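K.L.:
Quick one: the structure is below, and I'll ask about it shortly.
Derivation of every value follows stated rules applied to the coordinates shown; laboratory data play no part. All values derive from a computational prediction rather than experimental measurement. Using ideal geometry, Cβ is built from the backbone for each residue, glycine included, and neighbour counts are taken over all protein chains shown.
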Amino acid sequence: HRILVLHGPNLNMLGTREPGIYGATTLADIDARLRALAQQHGAALESFQSNHEGALVDRIQAALGEGVDFIVINPAAYTHTSVAIRDALAAVALPFIEVHLSNVHKREAFRHRSYFSDLAVGVIAGLGADGYDAAVRYALSH
Ligand code: DQA
């Protein structure tokens, strides 16, 4: 298995960013935990965070030639806006799980719509950093 974990804008600020909503765990902590989890299963896992839509599109396109077989993505605010990232995932046709730290459905109405959910294998929202673990575990066993 080769798993790519993608984090969208502002997730580099996890730990200090609205901790009541997003928790106290930093992105480095999350990535380290996921890497260890993948290693335990003999899989390779790479994480990539960007605040730029096009950089995320480029990273998704590059995944094809790298033998990535599963993507875990928290598109963050781009969840609700990005046709470009959606189209990139559709173009590479790699299976992906959409993860949100917060339960977007009990927040503002503009967070209820996702450009990703209908293409995703599954969607996890509201479980905090544990949601990424669950997604990676699923990827490892499928
Ligand atoms: C988020 C939810 C989004 O609505 C928000 O823009 C984020 C993070 C989450 O993980 O809960 O930046 O994707």
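K.L.:
Suppose we keep only residues that are touching a residue at least 60 places away in the same chain (Cβ under 8 Å) and not in a loop (DSSP other than H, G, I, E, B) within the stretch 1-18. Which one would you say is farthest from the chain's Cα centre (by Cα)?
P.N.:
The qualifying residue farthest from the chain's Cα centre (by Cα) is Arg2.
K.L.:
Mind listing whichever residues of the stretch 1-34 are more than 18 Å from Ser50 (Cβ to Cβ) and within 13 Å of the ligand (Cβ to nearest atom)?
P.N.:
Those that are more than 18 Å from Ser50 (Cβ to Cβ) and within 13 Å of the ligand (Cβ to nearest atom): Glu18, Pro19, Gly20, Ile21, Gly23, Thr25.
K.L.:
Right, here's the next one. Could you please find all residues in the stretch 23-40 being of a type in the set (S, T, N, Q), more than 20 Å from Val68 (Cβ to Cβ) and out of contact with any Gly (no Cβ under 6 Å at 6 or more places or on another chain)?
P.N.:
So in the stretch 23-40, the residues of a type in the set (S, T, N, Q) come out as 25-26, 39-40.
In the following step, the residues that additionally are more than 20 Å from Val68 (Cβ to Cβ) were identified as 25-26.
Thr25, the sole residue that qualifies.
K.L.:
Out of the residues in the stretch 128-142 that are without any contact (Cβ under 8 Å) to a residue 40 or more places away in the chain and surrounded by fewer than 19 Cβ atoms within 10 Å (Cβ to Cβ), which is nearest to Gly42 (Cα to Cα)?
P.N.:
Looking at residues that are without any contact (Cβ under 8 Å) to a residue 40 or more places away in the chain and surrounded by fewer than 19 Cβ atoms within 10 Å (Cβ to Cβ), I get Ser141.
K.L.:
Turning to a different aspect of this structure: If you take the residues of the stretch 35-52 that are touching a helix residue (DSSP H, G or I) at 6+ places or on another chain (Cβ under 6 Å) and within 16 Å of the ligand (Cβ to nearest atom), which of them is farthest from Arg137 (Cα to Cα)?
P.N.:
Ser50
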